[in-house]
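Written below as structure tokens is the structure these notes are about.
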Amino acid sequence: MRIVVCVKQVPGTNQVYLDPETRSIIREARHAVLNPYDAFAVAWAAALGKQHGWETLALSMGIPAVDSLLRDALCRGIDRAVLLTDRLFAGADTWATANTLAAAVRKLGGASLILCGKMAIDGDTAQTGPELAECLGYAVVTDVTEIQALSGEQVQVCRNTGDGMQQLQVQLPAVLTVAKDSCETPMPSIAGLARGAGRPLACWSAADLGADPGLIGKNGSPTRVVRTETPPLGKQSRPLAGTVEQQAAALEKIIREIVS
Amino acid sequence: MPQNLIRALTPDQADYLRDESRLNGQAEWIAFPETEQQLREILSSCHQAGRPVTVQGARTGIAAAAVPMGGVVLSLTRLNRVRGMKRNAAGHYVLCAEPGVILSRLRKQIEDKHFAVSDWDEPARQVFEQFRRDRAFFFTPDPTEATASLGGMVACNASGARSFRYGPVRRHIQGLRVVLADGQTLDLERGREKADGRTLTLRTEQGGQLRIDLPTYTMPQVKSAAGYYAADGMDAVDLFIGSDGTLGVVSQIDLVLQPLPDLLWGVTCFFGEEEQAWQFTEQVRADSGTELVALEYFDSQALALLARYKASHPAFTRLGLPQRPFGAAITCEFQGEREAQLWDATEHLGRRMEQVGASPEDSWVARTAFDRDRLLFFRHAAPECVNLEIDRNRQQEPSLTKLGTDMSVPDDKLQAVMRLYREDLKASGLPYAIWGHIGANHVHVNLLPRNTGEYETGKGLYRAWANQIIAWGGSVSAEHGIGKLKTDYLALMFGEPGLADMRRVKKTCDPRFLLGRGNLFAPPEGRGSE
Ligand SMILES: Cc1cc2nc3c(=O)[nH]c(=O)nc-3n(C[C@H](O)[C@H](O)[C@H](O)COP(=O)(O)OP(=O)(O)OC[C@H]3O[C@@H](n4cnc5c(N)ncnc54)[C@H](O)[C@@H]3O)c2cc1C
């Protein structure tokens with residue numbers, strides 16, 4: 001039985017730079033961090049792996065420097081890690097990324113459970129997890145706030161529907177995308193660091209995956225960013241006059257205008 | 001009196017009568033200068049009228065130094081611009097800032113490399129251009145309270161966790177502009193105005209001359225913010241740093257920036273017994289290289305208090321705590337340029353833990369900004385819980401205040417002082433919590449009296465400890481300053497001759513004893529507000 005946890009490196013500052021030509025985010029190693037949602041996926045994977053004696057594996061597609069994020073996952077109790085890195089993977093949208101991750105999972109011989117963060121904070125799409133499930137033909141539950149029970153056949157989870165909580169029992173194999181603060185994320189110990197340093201971290205290229213070049217990287221990406229723009233930041237002030245009731249009514253009208 | 005600059009203090013300005021010591025003072029007037037020129041006018045008019053002046057920065061001080069005892073409150077909150085940038089002889093970037101600049105804001109500006117440079121002169125802008133393209137830098141002093149003002153930090157010679165590696169504020173000041181009590185100004189640059197032996201001769205920009213006979217005492221060889229700094233051939237800036245708002249008003253601070261290391265790790269180690277943590281400190285400190293920047297301590301009572309508040313108070317539910325209770329914890333901060341160097345340093349800590357009988361499994365390693373923030377939250381939570389605890393006790397007995405010590409001892413007295421605290425406290429039955437900068441043999445003992453009887457017991461303990469610590473060559477205030485609450489201890493530390501020396505310095509700089517009355521020592525008799 002195996003749990004795969006997918007992690008992504010994102011810019012650590014809120015100053016994100018777009019490449020003016022490709023209109024994609026410029027990624028550099030310095031100031032890059034683990035996507036905050038993924039930290040919870042890693043913590044869930046490490047805890048469930050330990051509890052059930054399942055193998056855990058961290059998977060990431062990214063530039064070579066991402067190996068430090070994977071090493072960090074190993075220090076937090078994940079058993080082994082695979083970095084998918086190749087120039088051919090560059091420029092991937094969520095679909096091409098999901099195809100690449102899926103190819104890696106197939107090469108591993110599949111997984112019982114795949115955990116992803118609910119979304120990455122740079123692109124904000126929340127698509128990669130569900131698309132990965134689609135590529136592999138696995139079940140998927142998004143925005144999971146609690147993993148309540150796990151057996152060899154199924155997993156019971158609680159998810160946030162936006163206006164309530166939903167409890168689901170899902171057949172394995174399944175992909176779960178987990179919410180922020182869905183569990184504690186313990187820091188590694190000094191001893192954990194030493195263990196993590198000794199765990200295997202492999203690097204796979206497109207050729208290693210035997211991936212179809214039409215499904216990965218820029219070629220495999222149906223999305224085209226045609227134009228990006230910064231929404232104009234408008235500020236207006238409108239004086240409210242009259243009695244408290246009149247002012248409240250005027251305010252209500254303005255709020256309705258904005259939200260409509 | 002410049003009417004528009006000095007106004008009557010109104011009831012809604014009662015906040016200006018206290019600081020974080022929670023002592024309440026009183027004052028008749030208040031002034032908010034916006035330029036050095038206004039500051040000079042205010043001071044010279046108070047000088048002529050013989051009105052006492054209490055300088056205030058951000059009022060985060062905990063020794064009541066900014067609490068007025070009558071007269072005029074001089075708030076520097078509006079003197080808060082960063083005026084320029086230059087390089088010193090060693091090539092370091094130096095920022096020229098007004099005293100009301102708040103530390104947290106300055107940090108953000110340095111981090112973002114974003115300053116309002118439009119009114120800087122051309123040379124300053126050129127240096128800023130180099131700075132902008134250069135690597136990242138930082139101002140190292142880090143008092144836990146980041147809303148402190150630069151002027152307050154200079155006046156108290158503030159420190160923080162990283163002072164273990166970088167030293168207190170004093171080490172990072174290139175120059176000061178000071179307005180004296182009579183409105184004259186001094187422009188001081190480190191290395192330029194130096195004492196001849198223990199005599200310092202200064203010329204004001206208005207042509208006046210000050211001949212200051214510096215104190216003859218020897219400063220303690222420990223971290224200290226107690227009393228005027230004095231040494232043979234010392235720099236004039238060092239006299240004003242740590243002078244608790246009594247010698248002059250600092251109107252500009254030239255502060256030195258240091259390169260920000262690429263990597264910063266925090267490692268918290270947990271111990272079953274407090275003794276293990278003390279031994280660990282001595283060992284780690286002895287073999288530390290340049291990568292160790294801070295060593296912070298939490299005793300069993302502090303950890304228990306945190307656990308109690310995590311369980312009972314919503315503000316602390318997210319506080320990370322170890323799975324089971326421990327006797328003590330030490331947080332070590334490392335910095336460096338290479339991962340490998342910090343891995344080695346961390347592994348070495350693990351071996352040191354084993355040597356004192358602790359397990360490297362019982363530790364947290366924070367290498368990401370997210371995890372480092374959690375360690376910071378942990379460290380901030382300790383004083384916050386203590387304040388809440390005191391507030392709760394005050395509901396029963398409003399006259400109670402926190403009794404918090406700020407004393408340091410030489411390296412070889414660390415274990416002795418920790419044992420002294422613990423034995424006395426256990427015997428007294430007083431609730432307490434200890435934490436702080438153990439790397440500098442400087443922990444804060446926080447006594448949490450529940451009634452006036454316990455309060456008196458606490459004061460007795462404090463005094464007894466001060467006597468012992470002075471005998472060991474320690475300091476009665478390592479970083480908070482003496483203010484109004486610790487004047488007795490300053491007298492114990494330097495004795496009557498030492499106080500007389502300080503009064504003499506004060507008299508030369510402020511002949512009418514108007515600035516910061518009640519700080520450090522009592523004003524001479526019969527010189528109340530006129
Ligand atoms: C929770 C908490 C944690 C703290 N932790 C630390 C710590 O780790 N290390 C540490 O060192 N301190 C610490 N402090 C104490 C405090 O933050 C510092 O002492 C700080 O330096 C005071 O700055 P301020 O601007 O608030 O000064 P204020 O309290 O306003 O004034 C302090 C003194 O400075 C004088 N002063 C202010 N500005 C000037 C000026 N321009 N010219 C001349 N005199 C002036 C005042 O007259 C007064 O004597 C802590 C405080 C709190 C509440």
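The values are calculated or read from the model by the stated rules, or taken from the named source; none is laboratory data. Keep in mind the model is a prediction, meaning the values are calculated, not measured. All Cβ positions, glycine included, derive from the backbone under ideal geometry; neighbour counts span all protein chains shown. Protein only, heavy atoms only, side chains kept; ligands, DNA and RNA dropped before computing areas. Shrake-Rupley method; radii C 1.70, N 1.55, O 1.52, S 1.80 Å.
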Between their Cα atoms, which of A:50/A:180; A:180/A:235; A:8/A:118 are more than 23 Å away from each other? A:180/A:235
Hey, any idea what Rg/Rh is for chain B, computing Rh the Kirkwood way over Cα pairs? 0.96
Tell me the carbon and sulfur percent of the accessible area for the range B:127-202, rounded to whole percent, probe radius 1.4 Å. 45 percent
Got a sec? Which residues of the range B:307-346 lose 40 Å² or more of accessible surface with every protein chain in place, vs. that chain alone, 1.4 Å probe? B:343
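Can you send over the carbon and sulfur percentage of the accessible area for chain A, probe radius 1.4 Å, protein chains only? Mind showing how you got there, number by number?
Details: 7270 of 13870 Å².
On chain A, the fraction of accessible area on carbon and sulfur atoms equals 52 percent.
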Relative contact order for chain A: what percent, with Cα pairs under 8 Å and sequence separation of 6 or more? 23 percent
With no solvent and one equal point scatterer per Cα, compute the Debye intensity ratio I(q)/I(0) for the range B:82-259 at 0.16 Å⁻¹ and report its log10, rounded to two decimals. -0.99
Mind ordering B:130-138, B:290-298 by average Cβ neighbours within 10 Å, highest first? B:290-298, B:130-138
Restricting things to alpha carbons, tell me how big the protein assembly as shown is in terms of Rg and Dmax, in Å. 30.2, 94
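Per residue of B:362-371, how many C-beta atoms from partner chains lie within 10 Å of its own C-beta, taken as a mean?
Numbers: counts 3, 7, 6, 11, 2, 6, 8, 4, 7, 6.
Per residue, the average neighbour count from other chains is 6.
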With only helices counted (DSSP H, runs n ≥ 4, each -39500 (n - 2.57)), the per-residue ellipticity at 222 nm for chain B, to the nearest 500, works out to -11000 deg cm²/dmol
Sort B:194-206, B:139-151, A:230-242 by packing, meaning the average of other beta carbons within 10 Å per residue, with the highest value first. B:139-151, B:194-206, A:230-242
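What is the dipole size for the range B:6-75, taken about its Cα centre, with +1 at each Lys and Arg Cβ and -1 at each Asp and Glu Cβ, in debye to the nearest 20?
Details: 6 positive and 8 negative charges, 33 e Å.
Using only the charged Cβ atoms, the result is roughly 160 debye.
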Which of B:502, B:475, B:490 sits farthest toward the positive end of the charge dipole of the range B:471-513, with +1 on the Cβ of Lys and Arg and -1 on the Cβ of Asp and Glu? B:502
Students often forget the sequence filter, so: which lysines lie under 24 Å Cα-Cα from residue B:194 once same-chain residues fewer than 8 apart are removed? B:86, B:223, B:506, B:507
Please give the total accessible area that chains B and A bury against each other, computed with a 1.4 Å probe and expressed in Å² to the nearest 100. 1600 Å²
Label-point gap, in nm, between residue B:26 and residue B:283 - each point 7 angstrom along Cα→Cβ: 5.8 nm
Say a paramagnetic label sat at a point 7 Å from the Cα of residue A:226, along Cα to Cβ; which residues of the range A:87-113 have their backbone N under 20 Å from it? A:93-95
Using unit Cβ charges (K, R positive; D, E negative) and no other charged atoms, how large, in debye to the nearest 20, is the dipole of the protein assembly as shown about its Cα centre? 600 debye
Regression test value, accessible area per residue of chain A, probe 1.4 Å, units Å², expected 53 Å²
Remind me, what semi-axes does the range B:266-342 give for its equivalent ellipsoid, largest first in whole Å, using sqrt of 5 times each Cα gyration tensor eigenvalue? 27, 16, 8
How compact and how long is the range A:2-215, expressed as Rg and Dmax of its alpha-carbon atoms in Å? 16.3, 49
Whole-Hz ³J(HN,Hα) for each residue in the range A:150-159, computed from phi via Karplus 6.51 cos²θ - 1.76 cosθ + 1.60 with θ = phi - 60°, x for glycine and proline: what do you get? 9, 10, x, 9, 8, 10, 10, 10, 10, 10
With a 1.4 angstrom probe the carbon and sulfur portion of accessible area for the range B:350-504, in percent, totals 50 percent
Please list 3J(HN,Hα) in residue order for the range B:402-418, calculated via the Karplus relation 6.51 cos²θ - 1.76 cosθ + 1.60 where θ = phi - 60°; whole Hz, with x for glycine and proline. 5, 10, x, 8, 8, 9, 10, 10, x, 3, 6, 10, 4, 5, 4, 6, 5
Nearest-0.05 FRET efficiency for residue B:196 and residue B:411 at R0 = 25 Å, using Cβ-Cβ distance, is 0.15
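Given the peptides B:375-385, B:114-124, arrange them by the average over their residues of other C-beta atoms within 10 Å, most packed first. Each step should come with its number before you reach the end.
Numbers: B:375-385: 19.3, B:114-124: 12.7.
For the peptides B:375-385, B:114-124, the packing ranking is B:375-385, B:114-124.
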Need the list of aspartates and glutamates near residue A:253 for cross-linking: C-alpha distance under 15 angstrom, and skip anything on the same chain fewer than eight residues off. A:245
Explain nothing, just the number: dipole magnitude of the range B:140-222 about its Cα centre with +1 on each Lys and Arg Cβ and -1 on each Asp and Glu Cβ, in debye rounded to the nearest 20. 320 debye
Whole-Hz ³J(HN,Hα) from phi, Karplus 6.51 cos²θ - 1.76 cosθ + 1.60, for the range B:253-265, glycine and proline x: 10, 9, 10, 8, 9, 10, x, 7, x, 5, 10, 9, 10
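Quick one: if you take sqrt(5λ) for each eigenvalue of the C-alpha gyration tensor of the range B:6-75, what semi-axes come out, biggest first, whole angstrom? Spell out each step's value before the answer.
Working: eigenvalues 79, 31, 24 Å².
They are 20, 12, 11 Å, listed from largest to smallest.
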On average, how much accessible surface per residue is there in chain B, in Å², for a 1.4 Å probe, leaving out ligands, DNA and RNA? 40 Å²
